Amino acid sequence: MSAAANVIHIQHIQPYQKNRLVQPTDPQSPEPVALYSLIVLALVLHTPISANGLCRQCSLEWPCPQVRLAYRLREGF
């Protein structure tokens, strides 16, 4: 005596996501592009005050460490 097995219907299952409430985000900018934009931002914000030679943003002697780092990174590209 053989009994036919019941058919189990497989439902379409969404791919596993760790947190299903979080919507997928757009891909981030490539790292070199993001780094270059930060370099430009540093060079724009950290400008000298002509009267006393201090950095407008951080009030250190210009060129401040942020400008020096941004310049070195820009030269690395």
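Quick note: the coordinates plus some simple rules give every number you see, no bench work behind them. Remember, it's a predicted structure, so these values are computed and weren't measured experimentally. Backbone-built Cβ (ideal geometry, glycine too); neighbour counts: all protein chains shown.
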May I ask for log10 I(q)/I(0) of the range 31-76 at q = 0.16, 0.21, 0.24 Å⁻¹, from a Debye sum over the Cα atoms as equal point scatterers with solvent left out?
-> -0.40, -0.63, -0.76
So how far apart, in nm, are the two label points at Q66 and L41 if each is 7 Å from Cα heading toward Cβ?
-> 1.0 nm
